[in-house]
Each structure stands twice: as structure tokens, then as C-alpha cells.
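I have placed the structure first, in the form of C-alpha cells, so that the comments after it can refer back to it.
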Amino acid sequence: MAVSPHRQRLQPLLHDLAVTVSAPVSALSGRDGQIRGDGVQGVFYADCRALSRAVLMVDGEEPEPVMHTLDGPHAAWFVALVRTLGGDRSGAPAGADPTVRVDRVRRVAPDGLVEEIRVTSTAPEPVRATVTVDLGCDLAPMAEVRRGGSGLDQPARREGAGLAWSTPTTSVYVTADGAMIDPGAGPGAAVPGTRAAAITGDSGPGLAAPVRPGEPRPVPVPVAPARLAWPIEVHPGQTVTLRWQLGVTTTAAAVAPARVPVEWERPGVVADDRRLVRLLRRSLDDLAALRLSEPDGTGDTFLGAGVPWYLTLFGRDSIWAARMLLPVGTALAAGTLRTLARRQGRRVDVSSGEEPGKIMHELRYGGLFGVRAGDGPATYYGTVDATALWISLLHDAWRWGMPEAEVAALLPNLRSALDWLARYGDPDGDGFVRYLDRSGRGLANQGWKDSGDAVRFRDGRIAAGPIALCEVQGYAYQAAVQGADLLSAFGLPGEQRWREYAVELARRFRERFWVDGPDGRYPALALDRDGRPVDSLTSNIGHLLGTGLLDGAESDQVARALAGPALSGGYGLRTMSTTDAGFNPLSYHCGSVWPHDTAIAVTGLARAGYGAEAAVLVEGVLAAAEAFGYRLPELYGGDDRVTLGRPVPYPAACRPQAWSAAASVAILAAALGLEPDVPAGELRLRPMVGAPLGAITARGLRIGGRPVDVTLDGTGRVSVDGLPDSVRVVAPAVPAIPAPAIPVQPHDPSMGGLAGADPVPAAGDQPNR
């Protein structure tokens, strides 16, 4: 049935889907394992839906689902019952004790997937049935699916022993062991339950042509699904295993599978709070599954931002995720840095936002935001912060032990990025880094909170650009200082210029950004086009801690603002305080909680000595992690923890998502307090004050390319074994413990989670429901 052209199309919801991924392939289905083509269900290769339908039936009826779980990093397991078959020994139909069970195991690979269907019977007599899988393919672009649309159903054809769908750029193949294959009735044979809505908007080469405003929509032509069928006979106590495979090849993708093994060794972690261990295990699985490379075969690896909307290269997201993962190795950071450096801006292009020295925002095949690239990837540069963050990633990777030759090779890109900060990043010359979309087709907001309503005054009014965000000034300050350090260390000119730039930026920030609130002073979210402080209280101020932009007294004021219930009363750090008129717990950026955002604030608080404040935020994230099966989504609702016993899902959030998964490593690193400077031969230890997360042992972290074991005991003492001979500890392991600004809330078992240092749980562990 076609979607009415007059029906309002909405972005599909994700929160209730089962997701498996091995980038660039992802599979999204219902919790019953069925792929129906509704919403964003399907098997995707990068930004193209390669399979829109895979519906399993037994004798023409769908099995009844009872359970699903993840089975390692790339697989899901679904269990269902067929109560119409079998029966007890008297011949009566099966009731509460069913005798026929169907297990469906889906394993995703970088070029497709394999499904095993296992039919098991405990019936007293042999069970005979026909198992079928109905397949459909619409080759819909992800952009269209995200807008609530779909593609035209494509007819299948027999090819060898299987089925095929293809365009000039993309081929989809299905084979099945021992199955009878029916390619379907072809165009014109309407099939109940199939969808065939017209494509609108962007389309890649070989896909249906876009429908432009005012043009008539093409008439959908329903296509009968292709069918795989297996007649089976299952004897008592036996299992029959059926198998089908999907393969995808394409030249119409901006990204490709990673070509090298995972860049990090998985650390062995034991902790008093087992939730942290479980979160780390699941997160590292997901991060390994999100690894991508460029199609040109350079071999450099980076992380795709998230499934399903953002499984591609993103400047900001890929940088932050790589930066958070530095404690497990520098190779991913090096690949990310080089990949982004190859696409660093070289010219001024208003349509794409490109400027000399600027680091890109997003890579898509064909086009996005009005940027067209023909038969190749389109690069969009609409980000105000990725350039400074690239500099900081280069600096931090160098400090963690990235080989000096690899750092030196990127120094020309460093100098270009620094020049962008002062020249193009400050278009009006007022000394602050600002953004404004000049094309009229790009992102209106270009910080990490890039939704259209993200930058609001305290009374709810939306600020007008050009916008100077508070955290971006912190990033720019830190990038200038760290860039000066790199220039000095490698004997290049310019160190003094950037140190002076940082001093002046801090002075201007102190004069212009601070505002008064009901509970004290805090930095405004931004300055608007007229230089007025956008005075809402937001999580953005947490990104300022640790950048060096704030002095001690200012850091204390920021810590207190972050720790207040208006920001920290949810399951982590709210993006906007509950006292602001724009607050909405289920908004994208005005009241929700983002794990990576919380982890950045936790890192800054911990390093500044605010262990109690950091611990409250960590407890919120760990409680949320348990509620989400330890696969943290991109974001979730900012409702108060006192009101609700579990976080409310944000229904369109990516899951898994790179910087949400990487937040687990950032939290571990904040608790342990490792601050290496391998070039200087130093390691400073600043563990979270008071050891609020309890004792932690992490074996196999990496400093200077060497595996190290780090132990934090319950009193806050840290020991490190295995350091390179050239690196020595230069700071005491136990800092002074100041009086906490807020009371530490101990973990309440009734809110979820366990205490004790039990063995590491299995990756498939699920929360108690």
C-alpha cells in the first residue's frame, strides 16, 4: 500500500528496534527479528537500504516472539514459538508448554549478513512445515528514510542459485542453502503489507529520480516479495538449521569497511561497580563495529558517528570519540587525524562552508545541504569547533605516545588549522570564534548542539547569528596553547603568537561571557549577533573545565553550577537547566542528556578536583547504561531521577553511537586520573578525588605504545606498572581531598546496578526489567 502524498511524513522512531552493525553494514529490525520495511527497518550499506524486507513465517504465520538479545559485537539472537505446531502426547495443541521453537541468529559483516534459522521440536511426533522468508528491496537513500519516506520496491531476478537486485552502482545478492527460490510475481502484482512510496529529495546514482516541489509524484508499482522456502521435517528432540546470506557491493558509498585489525587491545577491567565493567565491555564491542575507512584504500581508520543516521565520517564526532579512546591506544587517533587532514579546507566556498585550514563536518555520497559531488562523496564544512578539536586531538595523541614522525607529518595541517582560528573563525574581528551559515541551505547552528532551536536565551527566545558559543572559545584557547606547545617542540615559528592569542581570548571571555543567575554567576551559552550574552544555563559550560580558559575561582563557579539539581538531577548532565524557559526533557539539545557531554564534564570536574560533583554525574550515566542494556544511546530524556526509576528513551537517538560508547573509556580514565606526557617523559596522576567509584583495576591500557596496568584502591591511591623506561611518575598519587560542594549520593541497589568485584560479565547481559 502506498503512503498518501498528503500524509505528513515524520522521522522514524528507533528506540524499540534491534540493531546489529559491522560498519558500513547495519541491520535494524523489530524486536521480533522481522524486517518489515516500516520506518527505518532494513539492512543498510552506508547510506543505502540494501534490503527493506525479511519476514520469517512458518506455514504462512509469523512465530510469536519471546526474547531477543545481542550476541557479541555483530550479532543478534531472536527466540520465537510456533504454538500451532506440535502438541502434547495426547495430540492436543501446544499451550503454555510449546513444543516448537524458532531461533533466528543474525550475524552482520562489512559486506552483508548471514541468518541462521533453527527450528527445534520436542513434540512426540515428527513436525512437518514450510519455513519461508519474504524479501524486499527498495534501495532507498538514508536521507529519504530519515524523512519518513521509502523507495520504490524493486523487482528481484533469479541469478544463478540466488536472487539479485541491482542498479548501475549497487548490487544486492541473496543466496540460501537448500531453499526453493521464488523471485516474486514482478511489477503490478499488489501484495498486502508491502510499501511502495515515491522517493523525494536527494537520490544517488541509479536510484529513482527525485521529486521536486510542484512536480507530479510517480505512481508506485507494488512488487510481490521474493520468497525463500524450505519444506522441513523435524523429529522429536532434533533441530533443523536453515541458512540464507545477503551480500552487497557498491561504488555509491562515501565510506568503506576498515581494512586493518582493531587498533586497540581490549583492557581487562575489574571494578567495585560492575556496571562500569559491563558498560566498557559492550561499548568496546560497539566501537569495534563502527570502524570505517575511505574507499580509496589508504588504510586509515576512523569511527562512524552512529547507527543509523550517521554511519559516516563526522569531524567533531570522530575526533571526540578518538580523543576519549586515547587510553587504549593512539592508532585510531592517528587514522582519524590523517583522514580529516586529507579533506582539510583549501579554498573559500560558501555553498559547502569550506575555508582554508578548516576541518570538515560531514561526508556523504552524492550530496548534502545543497553540496553536490556527482559520482563521489560530498564534503560539508559547517562546523565551528572541529578545527580546534583536531588540533587538541593531535596534541593529546602526541602526549599519549603517537610516534613523533606521524605527528611531524601533520604539522603543516596544524599550522593551517591555527590560521583558520584567527582569520576565518573570527569573521567580524571581535576576537571570538563564531559561525554563520551563509549559504542558506546549511546548518543554522554549527556547534555540537546543531539543532535549529539549540541556542536560546533564558526566557526561551532563539538567538540570532553570527553566534559565538562559550565552549568553542574554550576549545580555541586550548588549541592555541596546545598548538604553541607543538610548534615549540618541533622547532617551528609561531609559538609566541598563539600564546598571546590565548591570553587575549581569556581576557575577552572573562569580560563578555559571565552572567548572573539565581544561584550565582556562570558563563552564558553564547554571544548573539549583537554581542548580547545568551544567558541560558547549559551543559556547554562543562566543556570549559580543563581547557585552561578559566581560573580557579571560575572553575569553582562552573562546578557548582553543573552540580546543581537543575542540571545534574537527571541520569547525567542535562543539556539545559530545568529553570530555563526552553527546557524540554525530550528535546534534542534543550534538556535531554547526552552521555558524551556528561563524560566531558566529568573529565573536567575530576581533573579540577571536584570528585563528588563528578561522581553524581557518573552515577546517573551508569544507571542509564543499565537501563539500556549497557548500549548507551546518543541521548535520552532529561527527566528527574527522583520522578522516574529509569531514563526515558529519546525515540530517534542513534544506538550504538560512537561518542556515547567512547564515554565509558573517558569515565574510566577520569576515575584513574592518568595524564601522560610521553615526549617529556612524565606521567601525572590525578585520580577522581575520594575514589567515589570504588576500587578499579585496568590491565592493558597503553602509554607510549606500551601496555600498562593501573590500580586505584578504595582510598584513592593509584599504582601503575609497565611504564616505558623513559616515563616516570612526577606527581603524588593521592591529592588533597577538599570538602565536597554537594553530598555524594551512594549507589542505591534498588535503582539498579550491583556492588562487588565479580568476574567480568558476558557481553550479552541484559538489565533486570
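See the values below:
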| item | result |
| --- | --- |
| Filter result (acidic (D, E) and either without any contact (Cβ under 8 Å) to a residue 60 or more places away in the chain or more than 23 Å from V708 (Cα to Cα) (or both)) within the stretch 259-297 | D286, E294, D296 |
| Lone unmet requirement of (1) closer than 21 Å to A506 by Cα; (2) open to solvent by less than 20 Å² (accessible area, probe 1.4 Å) for V455 | (1) |
| Among residues of the stretch 363-387, those that are open to solvent by 10 Å² or more (accessible area, probe 1.4 Å) and either assigned to a helix (DSSP H, G or I) or under 30 Å from R702 (Cβ atoms) (or both), counted | 0 |
| Qualifying position, being at pLDDT 95 or above, of a type in the set (A, V, I, L, M) and under 30 Å from F369 (Cβ atoms), among V133, V108 | V108 |
| Members of the stretch 448-468 found to be touching a Leu at 6+ places or on another chain (Cβ under 7 Å) and over 18 Å from S577 (Cβ atoms), listed by number | D450, G465, P466, A468 |
| Restricting the stretch 464-498 to residues that are over 22 Å from I359 (Cβ atoms) and without any contact (Cβ under 8 Å) to a residue 60 or more places away in the chain, the residue that is most open to solvent (accessible area, probe 1.4 Å) | Q496 |
| Candidate set from the stretch 533-573 (those that are in a helix (DSSP H, G or I) and hydroxyl-bearing (S, T, Y)); member that is nearest to A463 (Cα to Cα) | S539 |
| Residue check for E144: touching a residue at least 60 places away in the same chain (Cβ under 8 Å) and either acidic (D, E) or farther than 30 Å from E233 by Cβ (or both) | no |
| Conditions (1) open to solvent by less than 30 Å² (accessible area, probe 1.4 Å); (2) among the polar types (S, T, N, Q); (3) in contact (Cβ under 8 Å) with a residue 40 or more places away in the chain; number of the one not met by N445 | (3) |
| Segments classed as strands (runs of 3 or more DSSP E), wholly inside the stretch 606-721, with at least 2 members that are touching a residue at least 60 places away in the same chain (Cβ under 8 Å) and either among the aliphatic types (A, V, I, L, M) or more than 25 Å from R266 (Cα to Cα) (or both) | 696-703 |
| Enumeration of residues in the stretch 283-294 that are open to solvent by less than 10 Å² (accessible area, probe 1.4 Å) and either assigned to a helix (DSSP H, G or I) or in contact with a helix residue (DSSP H, G or I) (Cβ under 6 Å, 6 or more places away or on another chain) (or both) | S283, L284, D286, L287, A289, L290 |
| The lone exception for T130 - which of (1) without any contact (Cβ under 8 Å) to a residue 60 or more places away in the chain; (2) surrounded by fewer than 18 Cβ atoms within 10 Å (Cβ to Cβ) it fails | (1) |
| G440 among the small types (G, A, S) and open to solvent by 40 Å² or more (accessible area, probe 1.4 Å) | yes |
| All strands (runs of 3 or more DSSP E) inside the stretch 21-86 with 3 or more residues being crowded, with 20+ Cβ neighbours inside 10 Å | 25-29, 42-45, 48-51, 53-58, 75-81 |
| Single residue of G95, G37, G91, G72 found to be out of contact with any Pro (no Cβ under 7 Å at 6 or more places or on another chain), within 22 Å of A224 (Cβ to Cβ) and modelled with pLDDT under 95 | G37 |
| Subset of the stretch 542-575 [open to solvent by less than 10 Å² (accessible area, probe 1.4 Å) and either farther than 15 Å from E613 by Cα or among the polar types (S, T, N, Q) (or both)] | L544, L549, T575 |
| Considering residues of the stretch 640-677 that are among the hydroxyl-bearing types (S, T, Y) and more than 27 Å from T715 (Cα to Cα) only, the residue most open to solvent (accessible area, probe 1.4 Å) | T643 |
| Output for the stretch 497-554, where each listed residue is closer than 24 Å to A464 by Cα and of a type in the set (D, E) | E511, D516, D528, D530, D535 |
| Output for the stretch 596-620, where each listed residue is surrounded by fewer than 24 Cβ atoms within 10 Å (Cβ to Cβ) and more than 20 Å from R275 (Cα to Cα) | R607, A608, G609 |
| Those residues of the stretch 501-522 which are of a type in the set (D, E) and either open to solvent by less than 30 Å² (accessible area, probe 1.4 Å) or assigned to a strand (DSSP E or B) (or both), in sequence order | D516 |
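To keep it simple, each residue is scored yes or no on (1) part of a helix (DSSP H, G or I); (2) buried (at least 24 other Cβ atoms within 10 Å of the Cβ).
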| position | (1), (2) |
| --- | --- |
| L389 | yes, yes |
| H395 | yes, no |
| A417 | yes, yes |
| G429 | no, no |
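The values are calculated or read from the model by the stated rules, or taken from the named source; none is laboratory data. Nothing here was measured: the structure is a model prediction, and the numbers come from that model. Using ideal geometry, Cβ is built from the backbone for each residue, glycine included, and neighbour counts are taken over all protein chains shown. Ligands, DNA and RNA are stripped out before the accessible areas are found, and what is left, the full protein with its side chains, is counted by its heavy atoms. Shrake-Rupley method; radii C 1.70, N 1.55, O 1.52, S 1.80 Å.
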